[in-house]
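The structure appears below as C-alpha cells.
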Amino acid sequence: MAKNRFNHSWLHDHINDPYVKLAQREGYRARAAYKLKEIDEQDKLIRPGQVIVDLGSTPGSWSQYVRNKLSQGTRRGTAEREGGIDGMIIALDLLPMEPIADVHFIQGDFREDSVLIQLEEILGEREVDLVISDMAPNLSGVALADAARIEHVCDLALEFSQKHLKPDGALLVKCFHGSGYSQIVEKFKRQFRTVAPRKPKASRDKSAETFILGKHLKQAR
C-alpha cells in the first residue's frame, strides 16, 4: 500500500512539475536539461568552438542543450536548431540513444578499450574542453553500498577527465549528499584548482542530488 502511495505521489509531482511541462513544450527529452542550463548560465561553461563529452548521455537532454549552445543556426521552435554547430559533441552511454543532429554517439562502456578507441578516432588531435556527466548508478537503498556506487561513478568521470581534458578544462558531475560525499569533493580538490558544489532549482528539493564542478587541472598530462 505504501509503495502504491509513493508511486502515485511521484506521478502526481512529475505530471505537475513545471520543468517537465517546459521540457515538453521546448522539445527536450527530459527535465534534466534545465539543471545543466542553470549551471551553464551561472558558470558560463559552454561556448562555441568547444569539444564537449557527455558521459551517461541517454536519453539525451544534456546533449540537446549543448547542441543548442554550439548551434550556428536559428531555432526551429523546439530544442533543435538548424545550421550545424561550431564545436564538437560526443555522447557516450551503455544504453541506446535516439540520434541528435551533430552529436556523435558511442554506445558502450567508456572504461573499455574499444569504446575509447572510437572516442579517440572522433577526437583526432583535439583535446576536450568540458566533460559533463548526469550519470547515476542504480541505487539499492542501502546507504553504504549506494555511497560506494556513487563514488565509483564519480571516480570514472574523474579518471576520464584526467586523460582527456585540456589543462584549463572543466568537469561537471552529478553526485548525492550523504555518506561518501566529502570524499568525492576531496578527490575533486586533488585534481582541480577550483571546485564548487551546484544545486540548480530544477533539481528537486526533496532530492539529495547535487552537482560538483571542477575547473583547471592541477597536473596536466
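Key figures
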item: DSSP H segments from the chain that extend 27 Å or more along their own axis, Cα-based, with Kyte-Doolittle mean of 0.0 or above; result: 143-164
item: Order of Val195, Val142, Val128 under a 10 Å beta carbon neighbour criterion, fewest first; result: Val142, Val195, Val128
item: Estimated 222 nm signal from helices in the chain, with DSSP H stretches of n ≥ 4 weighted -39500 (n - 2.57), rounded to 500; result: -12500 deg cm²/dmol
item: Sequence of Thr210, Thr58 once ranked by neighbouring C-beta atoms within 10 Å, starting from the fewest; result: Thr210, Thr58
item: DSSP beta bridge pairing in the chain, given as percent antiparallel to the nearest 5; result: 45
item: Length-normalised contact order of region 162-221 in % [C-alpha pairs under 8 Å, at least 6 apart]; result: 51
item: Length gained when the stretch Asp86-Leu139 is fully extended (0.36 nm per residue, less Cα-Cα span); result: 15.3 nm
item: Residues His164, His152, His104 arranged by fewest to most Cβ contacts within 10 Å; result: His152, His104, His164
item: Subset of Lys21/Lys44; Lys163/Lys215; Lys166/Lys189 violating a 19 Å alpha-carbon distance limit; result: Lys21/Lys44
item: From the coordinates shown, volume of the Cα convex hull per residue in Å³ corresponds to which of (i) 127; (ii) 195; (iii) 172; result: (i)
item: Relative contact order (percent, whole number), region 71-181, Cα cutoff 8 Å, 6+ residue spacing; result: 19
item: Residues His177 and Val20, FRET efficiency given R0 of 22 Å [Cβ-Cβ distance, rounded to 0.05]; result: 0.40
item: Computed over the chain: relative contact order in percent, which uses C-alpha pairs under 8 Å that are six or more apart; result: 17
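Read the figures in this text as sums done on the coordinates, not as results from a lab. Note that the structure is a prediction, hence the values are computed from the model and not measured. Because the Cβ atoms are built from the backbone with ideal geometry, glycine has one as well, and the counts that use them run over all protein chains shown.
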